[in-house]
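The values are calculated or read from the model by the stated rules, or taken from the named source; none is laboratory data. Please read these numbers as outputs of a predicted model, since none were measured by experiment. Note: ideal-geometry Cβ built from the backbone for every residue, glycine included; neighbour counts use all protein chains shown.
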Number of protein chains: 2
Amino acid sequence: MFEFRLERIIGAARAGTLALPHGEVRTPAFMPVGTYGVVRGLSPADVRRTGAQIVLGNTYHLHLRPGEEVVRTMGGLNRFTTWDRPMLTDSGGFQVFSLEGLRRISENGVEFQSHVDGSFRILTPERAIEIQRTLGADIAMAFDHVVPGQAPHALALEGMERTLRWLDRCRLRHEELAVETQTLWPIIQGGTHDELRMQSLEGTLERGPWTGIAIGGLSVGESKPVMHRVLEQLGPALPRDIPRYLMGVGFPADLLEGITRGIDLFDCVAATRNGRHGTAWLPAGRVNVRGAALTGSREPLDPECDCETCTTFPRGYLRHLFVVEDMLGMRLVSIHNIRFLVRLGEQARARILDGTFDGWSRDWLRRHYARAS
Amino acid sequence: MFEFRLERIIGAARAGTLALPHGEVRTPAFMPVGTYGVVRGLSPADVRRTGAQIVLGNTYHLHLRPGEEVVRTMGGLNRFTTWDRPMLTDSGGFQVFSLEGLRRISENGVEFQSHVDGSFRILTPERAIEIQRTLGADIAMAFDHVVPGQAPHALALEGMERTLRWLDRCRLRHEELAVETQTLWPIIQGGTHDELRMQSLEGTLERGPWTGIAIGGLSVGESKPVMHRVLEQLGPALPRDIPRYLMGVGFPADLLEGITRGIDLFDCVAATRNGRHGTAWLPAGRVNVRGAALTGSREPLDPECDCETCTTFPRGYLRHLFVVEDMLGMRLVSIHNIRFLVRLGEQARARILDGTFDGWSRDWLRRHYARAS
């Protein structure tokens, strides 16, 4: 269990298969975000049809609503949501550190005010692990101290060192709970400071072994070249034989940029958030589905796409759904955007396995950036 | 085409099959309402899975958005929406007469102000037919003068007589357009005044033959016993060999009460409107899906139901969806409520065909009213 079988490497790009209690995940792969145990507006069947192999649940949100004890009563996250494939829960770290003004950080943990009812709560490394244990996902994440993308050295150092100390407490609590069907992954921090990132990685590996490793604190305000530099620096030092998860990334190009630099797993809310706002991702760039240009069009949204939306509905109908504010529109564009990222992972995997990844990804990115500029 | 095959009659209740260009409709049957060419929040596949055989589209709404010419450009209502089974469009009469203060009635038609952009428009019998011709549903409805359920005799008389004069104009325009794939059904008016209802029916039949006949102006404020009395009075005088459609009705009990009095087709927005508000229809009465009592429940919403929602999701998850305001909740309860009415039609049909309808419907209604009181 939790074994990662590396199948091929082209440059830094990797294709592998991760065995989890609820099934296998073929990488590289995009994980849709199911904030409250549901990918916004989609049924598990909708998500399954996108080809998604694993869904992320947000510990912070699920802790507040419905509360982990309710999820336990219902048999855990998979039974609660009826999603029967692998799941990963984040630790809540990213969310509570984002609650500017509503949280107080100490060595013990983070005291915060619920955005739902204003109640005061505390999340510690131990609590984050206990809650995730109760939720019961295949993969639990360590509770980390997240700093903004532009954080100065001193703050990035503080967050990085605290993340390592908290990792010890997470690991201890996770071992005490002795959960055979759940593994714990650590998170590399250190902001955009190269030596802090390396220290974080070294400190994390000293505390290993791990079945997977995550890179946190990226895509939080820093520029893309800086994110790429951090990935390139970390890449060669990361263990080869476990999956690497780049948290909170990405947009379509981010996925390929990450895969090119050796990342195996991604998650991001952009696919569904954009979908709800009527922004669809196409190979030729974004399209605003509300746009008057789509009126009366019988063409599919993306003629190259095999998703439920593109193989069923004409563009003109999708536009109409947004104009009359029918929630079906939000669902259908979310489905397309998720499929777009899932398929990008599938395509990258196929290209890695058949050895044509380098040229294909270079062409894809060149076309993408040409259109975006 | 448009042939109605009557299969069995038990008392006044009837089982039949209506042949339409896009397929057969086995009656009695409930038609979900697809206001803008979509059943709110549901995909055609969702609707298909409820067992619905025919969907109603609102001419008033589709005329305003996207406009019938856009629908024509896209190949008609079926291609536009990708719903490939029968459809019926209402005439817009009910909607424009409901626009209190925003409409002016004359013999020519109704001038009204669009609720979308405030533009002034006019709907006449001819325009209502032309728009419906352009939309291209299997069944078009005559443009009628609808009066409130409590309308006094003079107003009900005026509306009833005008509806007959307008029926001549509708019929003429429909014949001029010579649409082989669309039939026109007239609407009986006359409020709650027995002799006006009979005059309306006689005047309508004089203008026949028709392939179906509708009863309008009910469930608009009058009491249930009054509605039942109107149906009982009209029933024996209605032609046996064409389907009878009770417009804008109903709730679960209304369906059985109508079937018992010889009605074959129904439509109503209550199933989806209730669904979006989290009210689910169960054999044991309504349940508020937001209710705290459902927290943590692993039971299905309705253990007797075979819909996608009840066979997949636990109650506790449905409640959670409403608490966190995820639109999936609205979809799932709408699906259940539609299936509830569609299944009630299927059950009634089976009981009529096997001769056990009387006892079954009496028991069903007795249990239903006992729980509701």
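Some points to look at:
One line per residue, one yes/no per condition, for (1) touching a helix residue (DSSP H, G or I) at 6+ places or on another chain (Cβ under 6 Å); (2) within 20 Å of B:ASN108 (Cβ to Cβ); (3) among the aromatic types (Phe, Trp, Tyr):
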position	(1), (2), (3)
B:LEU164	yes, yes, no
B:ASP168	no, yes, no
B:GLY190	yes, no, no
B:THR204	no, no, no
B:LYS224	no, no, no
B:ARG229	no, no, no
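- Residue list for the range B:295-312, filter: surrounded by fewer than 22 Cβ atoms within 10 Å (Cβ to Cβ), more than 7 Å from every other protein chain (Cβ to nearest Cβ) and assigned to a helix (DSSP H, G or I): B:GLU308, B:THR311
- Of the residues making up the range B:33-44, not a single one is over 17 Å from A:LEU321 (Cβ atoms), among the aromatic types (Phe, Trp, Tyr) and within 19 Å of the chain's Cα centre (by Cα).
- Just one residue in the set A:GLY285, A:GLY278 is more than 14 Å from every other protein chain (Cβ to nearest Cβ) and without any contact (Cβ under 8 Å) to a residue 60 or more places away in the chain; that residue is A:GLY278.
- Taken together, B:ARG351, B:ARG319, B:ARG343 contain a single residue that is away from chain A (no Cβ under 13 Å), modelled with pLDDT of 95 or more and either touching a helix residue (DSSP H, G or I) at 6+ places or on another chain (Cβ under 9 Å) or not in a helix (DSSP H, G or I) (or both), which is B:ARG351.
- The residue that is farthest from the other protein chains (Cβ to nearest Cβ), counting only those in the range A:55-70 that are more than 17 Å from A:SER119 (Cα to Cα) and out of contact with any strand residue (DSSP E or B) (no Cβ under 9 Å at 6 or more places or on another chain), is A:GLU69.
- Criterion violated by A:PRO239 - all others in (1) part of a loop (DSSP other than H, G, I, E, B); (2) touching a strand residue (DSSP E or B) at 6+ places or on another chain (Cβ under 9 Å); (3) surrounded by 18 or more Cβ atoms within 10 Å (Cβ to Cβ) satisfied: (3)
- Residue in the range A:239-262 that is farther than 30 Å from A:MET330 by Cβ, out of contact with any Pro (no Cβ under 7 Å at 6 or more places or on another chain) and among the hydrophobic types (A, V, I, L, M, F, W, C) present: yes
- Yes/no for A:ARG331 being in contact with an Asp or Glu (Cβ under 9 Å, 6 or more places away or on another chain), away from every other protein chain (no Cβ under 14 Å) and part of a helix (DSSP H, G or I): no
- Boolean, B:ILE9 is crowded, with 24+ Cβ neighbours inside 10 Å, away from chain A (no Cβ under 12 Å), in contact (Cβ under 8 Å) with a residue 60 or more places away in the chain and closer than 23 Å to B:PRO252 by Cβ: no
- The set of residues in the range A:313-350 that are surrounded by fewer than 21 Cβ atoms within 10 Å (Cβ to Cβ) and within 24 Å of the chain's Cα centre (by Cα) comprises A:ARG343, A:GLU346, A:GLN347, A:ALA350.
- Among the conditions (1) surrounded by fewer than 17 Cβ atoms within 10 Å (Cβ to Cβ); (2) of a type in the set (A, V, I, L, M, F, W, C); (3) away from every other protein chain (no Cβ under 13 Å), the only one that A:ALA292 does not satisfy is (3).
- Among the residues of the range B:79-118, those that are within 11 Å of another protein chain (Cβ to nearest Cβ) and crowded, with 16+ Cβ neighbours inside 10 Å comprise B:ARG79, B:PHE80, B:THR81, B:TRP83.
- Leading residue by the ranking (farthest from the chain's Cα centre (by Cα)) among those in the range B:220-277 that are assigned by TED's automatic domain parsing to the domain that holds B:ARG343 and basic (Lys, Arg): B:ARG276
- Filter pass, B:ALA45 being within 14 Å of chain A (Cβ to nearest Cβ), outside any loop (DSSP other than H, G, I, E, B) and of a type in the set (Gly, Ala, Ser): yes
- Qualifying strands (runs of 3 or more DSSP E) (wholly inside the range B:55-122; at least 1 residues being closer than 18 Å to B:ASP138 by Cα and out of contact with any Asp or Glu (no Cβ under 7 Å at 6 or more places or on another chain)): B:55-57, B:87-89
- Residue in the range A:191-212 that is in contact (Cβ under 8 Å) with a residue 60 or more places away in the chain, assigned to a strand (DSSP E or B) and closer than 23 Å to A:THR35 by Cβ present: no
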